[in-house]
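In what follows, a single structure is set out as structure tokens and then discussed.
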């Protein structure tokens with residue numbers, strides 16, 4: 001064999017060995033999904049920013065978002081092992097654990113979902129046309145009410161309200177399951193009588209509707225408000241200041257809210273959750289740029305809405321202990 005041929009073959013053999021070693025040592029890419037809500041909603045915007053952070057900062061993980069009906073559906077998707085992560089609301093989790101509301105017959109065990117991050121506050125907003133016949137919640141009997149996509153937190157909140165007023169769903173009032181954008185358009189077109197949204201202030205669909213036609217935001221009557229706050233401790237008392245929306249001259253004193261949370265499947269390994277948690281907290285600026293209220297997804301609020309409600313995933317707990325956010 002000629003010396004040149006031998007050297008060439010030896011170099012090729014070494015290159016193949018190095019390439020094969022790299023293939024063997026490289027960890028396979030794991031694909032994960034974050035369940036959010038309807039397209040354009042706060043959850044979908046936040047989820048999109050989160051997958052950007054994860055894909056750029058967590059090796060061997062490839063994340064994507066799932067467009068869903070919202071909080072209730074996201075919990076069930078994790079319970080049924082269809083997704084690994086999901087954004088939901090603290091009040092909906094309580095209903096899931098108690099098997100109430102939209103979870104009747106579909107109760108979720110506390111060992112079937114874990115907490116990962118506490119997030120921003122959302123506020124219930126129910127709005128109607130200002131020059132229409134609805135002046136208060138009592139006027140909603142017999143009306144069509146948009147409650148967000150099926151499984152959304154707004155639907156559970158509205159059912160709680162209407163039950164408190166003594167109005168039975170599908171008998172005394174009819175829910176319409178529309179995306180928040182479609183619901184605002186349906187109201188201005190006269191196809192629904194009221195719209196319910198659980199969102200940060202201001203909510204862009206409400207602002208869009210208010211720019212088109214004058215709106216009225218509804219405040220709960222004191223007796224019904226007191227009953228809901230007493231019977232539903234997972235709801236947090238809230239109000240809506242005057243001037244949040246175009247033409248809204250009066251404050252709305254009696255409403256309530258909840259905390260948005262990131263929940264996670266118990267099956268996702270500790271190291272993966274640790275790395276995801278670390279990346280999201282250390283790149284919070286990316287989330288804030290996408291959705292300003294993400295400044296509440298900080299270490300100070302790490303277990304807000306989670307503590308006392310569900311267990312932290314060991315991977316999240318590991319990171320939070322490491323940075324001194326929890327003991």
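Rule-based calculations on the coordinates, nothing more; no lab input. Predicted model, so just to flag it, every value in this text is computed and none were measured. Every residue, glycine among them, receives a Cβ derived from its backbone with ideal geometry; neighbour counts consider all protein chains shown.
Structure values in brief
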{"item": "Efficiency of FRET between residue 30 and residue 177 - r from beta-carbon atoms, R0 35 angstrom, step 0.05", "result": "0.55"}
{"item": "Nearest-0.05 FRET efficiency for residue 239 and residue 270, computed from C-beta distance (R0 35 Å)", "result": "0.30"}
{"item": "Shape call, region 122-258: gyration tensor on alpha carbons, a/c limit 1.5", "result": "rounded"}
{"item": "Value of relative contact order over the chain, rounded to a whole percent, pairs C-alpha under 8 Å and six or more apart", "result": "22"}
{"item": "Largest-first ellipsoid semi-axes for the chain, taking √(5λ) over the Cα gyration tensor eigenvalues, angstrom", "result": "46, 21, 18"}
{"item": "Length released on extending from residue 282 to residue 104, taking residue separation times 0.36 nm less the Cα-Cα span", "result": "60.2 nm"}
{"item": "Separation between Cα centres of region 193-219 and region 118-159, rounded to whole Å", "result": "10"}
{"item": "Cα-based radius of gyration of region 40-148 once divided by 2.2 N^0.38 Å, which approximates compact folds", "result": "1.33"}
{"item": "Estimated FRET transfer efficiency (residue 223, residue 64; beta-carbon r; R0 41 Å; 0.05)", "result": "0.30"}
{"item": "Relative contact order of region 122-258, pairs being alpha-carbon contacts under 8 Å that are 6 or more residues apart, as %", "result": "33"}
{"item": "Structure-based [θ]222 nm, the chain - -39500 (n - 2.57) summed over DSSP H runs of at least 4, per residue, nearest 500", "result": "-12000 deg cm²/dmol"}
{"item": "Extension reserve of the residue 251-residue 230 stretch, reckoned as 0.36 nm per residue once the Cα distance is removed", "result": "5.3 nm"}
{"item": "Segment residue 52-residue 111, length gained on full extension (0.36 nm per residue, minus Cα span)", "result": "18.4 nm"}
{"item": "Unit Cα scatterers, Debye sum, region 285-327: log10 I(q)/I(0) for q = 0.16, 0.20, 0.24 Å⁻¹", "result": "-0.48, -0.70, -0.88"}
